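I have placed the structure first, in the form of structure tokens, so that the comments after it can refer back to it.
The values are calculated or read from the model by the stated rules, or taken from the named source; none is laboratory data. All values derive from a computational prediction rather than experimental measurement. No Cβ is skipped: glycine too gets one built from the backbone with ideal geometry, and neighbour counts run over all protein chains shown. Note: accessible area is taken over every heavy atom of the protein model, side chains too, but ligands, DNA and RNA are not part of it. Shrake-Rupley method; radii C 1.70, N 1.55, O 1.52, S 1.80 Å.
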Amino acid sequence: MLNASYLLGVRSMSTAQYDTLDDAAVAQLARCALQRYPSLRDGELQLICRSENATFCVQARGQRYALRLHRGHYHCKAAIESELLWLDALREEGISVPEALYDGEGERVQTLSLPNGKQRHAVIFHWVAGEMPTHGIDPRAFEPLGQITARLHRHSQCWQKPAGFTRIRWDHASMIGAEGHWGHWREVAGLRPSDRALMDEAVARIGVEMAAFGTSPARYGLIHADLRLTNLLLHQGETRVIDFDDCGMGWYLHDLAAAISFEEHHPNAPAWIEHWLTGYEREAHLDDDDLAVIPALVMQRRIQMTAWVASHAQTQMAQSLGSDWMHHTVRLCRRYLEEQVLPVGR
């Protein structure tokens, strides 16, 4: 039975982008989801993180599972089911990705009702074991990331999507436009008028470059869209990919830009990109036009994450970035506009 005093006790937010339920409320929803699985009903729940969604570790009968509780205002049930279908197809190709559990009624996506009439969705996955690389390791760690990304892209280009398949679309407007999926970057705190003008100019130039690059099937298709080191696990020589929640239609090389999300200003960022490209070329070829558009894609992603920071200001990730993060964002925009080089590094 859902407790209305928990589930209606939300934090005040100016945007619908971030989940406003408090930790007690999401934990109670997660407990309700467990009741749909006979073998997990008495499982122990531990909140791992809250970012786009709330993620829990479930301990039950000596096994671990990952429970993902979706926020509202993002994916509908059909879109989540489509994500799971792509994961099924990737596993059939020998790519190690998460596998969702079926409940007692044969469903993989749970729909949970709130006292206010709204709904949230939840999925429970088998636990994926592995060590998560960090940005502090040898830049060569980006080579397996580039290589597994190329494998995903080759599969995407050949895979026949099932009838009714639907996923979010990532294009210039939906990433950094006024009605972007994660809000508008202009709402981030601390921007001066001159900063906004500079970023407006960068947004306009990126739009021109991406329009010229186009969305042919060789350049634009189903992508992971958040394939960072934090979504990569290394286990006994195998590279495993997790967290496909943002997967959708986008430019394939957006996955390169996403690989260095939040850290474009890091001194090692140029080496990260170099090694990512080395790994990618082991599986798929990039032509001169692909390479030429990378600066625009990297800057587009940084501005997209600026919108994310604005709409997710209460998350631990956003708060951990520090006061200099926006200073670096503006600096990289200026580099992109004035120097026509990769907008990364110091």
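Given HIS285, TRP185, CYS49, which one lies farthest toward the positive end of the charge dipole of the chain, if we put +1 on the Cβ of every Lys and Arg and -1 on the Cβ of every Asp and Glu?
Toward the positive end, the furthest listed residue is CYS49.
Projected onto the charge dipole of segment 189-320 (+1 at Lys/Arg Cβ, -1 at Asp/Glu Cβ, origin at the Cα centre), which of GLY214, HIS224, SER194 gives the Cα projection farthest towards the positive end?
SER194
Relative to the present Cα-Cα distance, how much length would full extension add between GLN63 and TYR102 at 0.36 nm per residue of separation?
12.5 nm
Skipping prolines and chain starts, which residues have an amide H placed within reach, meaning under 5 Å, of the one on THR166, given they are 5 or more residues away or on another chain?
SER82
Report, to the nearest whole %, how much of the accessible area of the chain belongs to carbon and sulfur atoms, 1.4 Å probe, protein only.
48
Would you please put 174-184, 244-254 in order of how densely packed they are, using the mean number of other Cβ atoms within 10 angstrom per residue and starting with the highest?
Result, highest mean Cβ count within 10 Å first: 244-254, 174-184.
Evaluate the charge dipole of segment 119-254 about its Cα centre and quote only its size in Debye, nearest 20, assuming +1 on the Cβ of each Lys and Arg and -1 on the Cβ of each Asp and Glu.
With Lys and Arg at +1 and Asp and Glu at -1, about 320 debye.
Within segment 268-293, which residues have the backbone N less than 16 Å from the label spot 7 Å out from ARG205 along Cα→beta-carbon, could you tell me?
Those under the cut-off are 292-293.
Identify, among HIS266, GLN340, GLN119, the residue whose Cα sits farthest towards the positive end of the charge dipole of the chain, taking +1 on the Cβ of Lys and Arg and -1 on the Cβ of Asp and Glu, with the dipole about the Cα centre.
GLN119
Between ASP138 and ALA24, what is the label-to-label distance in nm when each label sits 7 Å out along the Cα-to-Cβ direction?
Between ASP138 and ALA24, the label points sit 5.0 nm apart.
Is there a quick way to get the dipole size of the chain? I mean about its Cα centre, with the Cβ of Lys and Arg at +1 and of Asp and Glu at -1; what is the value in debye to the nearest 20? Don't jump to the answer; show the numbers that get you there.
Numbers: 34 positive and 43 negative charges, 172 e Å.
Here the chain has a charge dipole of around 820 debye.
In whole Hz and in residue order, list the ³J(HN,Hα) couplings for segment 298-306 that follow from phi through the Karplus curve 6.51 cos²θ - 1.76 cosθ + 1.60, θ = phi - 60°; x for Gly and Pro.
Taking θ as phi minus 60°, the curve returns 5, 5, 4, 5, 4, 5, 4, 6, 5 Hz for segment 298-306.
Starting with the highest mean, order 256-268, 186-198, 213-225 by the number of other Cβ atoms within 10 Å, averaged over the residues of each peptide.
Output ranking for 256-268, 186-198, 213-225: 256-268, 213-225, 186-198.
Full extension from CYS49 to GLU238: what is 0.36 nm times the residue separation minus their Cα-Cα distance, to one decimal in nm?
Details: separation 189, 0.36 × 189 = 68.04 nm, distance 2.48 nm.
Between CYS49 and GLU238, full extension yields 65.6 nm more.
Residues in segment 70-109, backbone N under 11 Å from the label point at CYS158 (7 Å along the Cα-to-beta-carbon vector): list them, ranges by number please.
Residues 93-94 fall inside that zone.
Taking θ as phi - 60°, what are the ³J(HN,Hα) couplings along segment 241-254 by the Karplus curve (6.51, -1.76, 1.60), each to the nearest whole Hz, with x for Gly and Pro?
Karplus-based 3J(HN,Hα) across segment 241-254 equals 10, 10, 6, 8, 4, 8, 4, x, 7, x, 5, 4, 6, 4 Hz.
For helix 142-158, what angle does its Cα long axis make with the longest principal axis of the chain, in degrees from 0 to 90 and rounded to 10?
Tilt relative to the chain: about 80 degrees.
Can you give me the C-alpha center-to-center distance between segment 246-323 and segment 125-182, rounded to a whole angstrom?
Between the Cα centres of segment 246-323 and segment 125-182 lies a distance of 11 Å.
With the other protein chains left in place, how much accessible area per residue, in square angstrom, belongs to the chain at a 1.4 angstrom probe?
Spelled out: the 1.4 Å probe surface of the chain, per residue, equals 44 Å².
As a check on your grasp of the helix formula, calculate [θ] at 222 nm for the chain: sum -39500 (n - 2.57) over DSSP H runs of n ≥ 4, divide by the residue count, round to the nearest 500.
Taking each H run of at least 4 residues, the total per residue is -12000 deg cm²/dmol.
Give a residue-ordered list of calculated ³J(HN,Hα) values for segment 189-195 (Karplus: 6.51 cos²θ - 1.76 cosθ + 1.60, θ = phi - 60°; whole Hz; x for Gly, Pro).
6, x, 7, 7, x, 5, 5
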